[in-house]
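Since the structure comes first, as structure tokens, the remarks are kept for the end.
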Amino acid sequence: MATCKCGNKKGWNDWECTECMNKKAIEVNAEHLESLKESHPALYEYCKKYNLSGGEFSGAFLDELNDVNVLHYAGGAFKLVLTDSELIKWEMTLLTGRVKQKEIIPLHTITGIESWPPRGADLSLWKMRITRAANVDEVYIQEGANVRPFIDALNAAVNSAASGGKSSSGPSIADKVKSLAELKDAGLLTEEEFAEKKAQLLKDL
């Protein structure tokens with residue numbers, strides 16, 4: 001065994017021992033995160049929220065995000081960003097970290113989302129299947145505290161886009177008409193006011 005500059009043992013083919021390499025990685029990640037604080041404050045807050053290193057948002061990929069409103073993120077060899085109207089998918093080169101391919105997927109074109117947590121030999125990658133009318137995307141994203149929130153947010157955004165942005169959790173039109181009738185019976189609405197508001201609600205059917 002060889003000796004590291006700190007005095008610990010290291011492998012013959014290693015520049016440093018494991019302890020020094022881990023320390024260096026922590027320092028580099030901290031530098032990445034700090035660099036986001038001024039250039040991309042929203043990303044900085046996102047990383048702090050989910051305890052991300054900031055290294056995910058560096059180099060060529062960071063340049064891609066200059067004009068993107070990032071609501072949620074998941075990454076690995078594929079990097080996925082959810083905005084208020086789109087899912088943007090980047091495929092990255094493994095060795096150089098450059099952008100290999102970029103695709104913008106409008107949320108209203110997505111017809112289904114399936115996801116599987118890490119399993120089998122590789123316990124660090126999630127598998128996602130994104131279905132559209134024209135094709136099916138299968139991507140792998142890195143396990144982390146931000147993955148489940150990303151999947152939940154993507155499902156909610158796709159469901160909202162499919163329903164025209166209208167929430168299905170509010171009171172139904174029938175419930176609203178019933179409430180108007182109760183107000184009329186209580187003398188708080190005239191017959192004419194009730195009929196007018198009821199007609200407005202029925203137009204939405």
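Here is a check on your reading of the model: is Glu34 surrounded by fewer than 17 Cβ atoms within 10 Å (Cβ to Cβ) and at pLDDT 85 or above? So Glu34 fits the description; yes.
Residues of the stretch 140-165 that are farther than 11 Å from Trp126 by Cβ and among the charged types (D, E, K, R): Asp152 alone. Is it true that some residue in the stretch 70-83 is free of Cβ contacts under 8 Å to residues at least 60 places away in the same chain and exposed (fewer than 15 other Cβ atoms within 10 Å of the Cβ)? There is no residue in the stretch 70-83 that is free of Cβ contacts under 8 Å to residues at least 60 places away in the same chain and exposed (fewer than 15 other Cβ atoms within 10 Å of the Cβ).
Would you confirm, using the coordinates I've provided, whether Gly144 is closer than 23 Å to Leu36 by Cα and either basic (Lys, Arg) or within 16 Å of the chain's Cα centre (by Cα) (or both)? So Gly144 fits the description; yes.
When Leu87, Leu95 are screened for being under 15 Å from the mean Cα position of the chain (by Cα), under 29 Å from Leu33 (Cβ atoms) and outside the structural domain of Pro41 (by TED's automatic domain parsing), only Leu87 passes. Of the residues examined, Lys10 is one that is modelled with pLDDT under 85, surrounded by 18 or more Cβ atoms within 10 Å (Cβ to Cβ) and more than 27 Å from Ala161 (Cα to Cα).
The values are calculated or read from the model by the stated rules, or taken from the named source; none is laboratory data. What you see is a predicted model; the values in this text were computed from it and never measured. Positions of Cβ are backbone-derived with ideal geometry, glycine not excepted, and every protein chain shown enters the neighbour counts.
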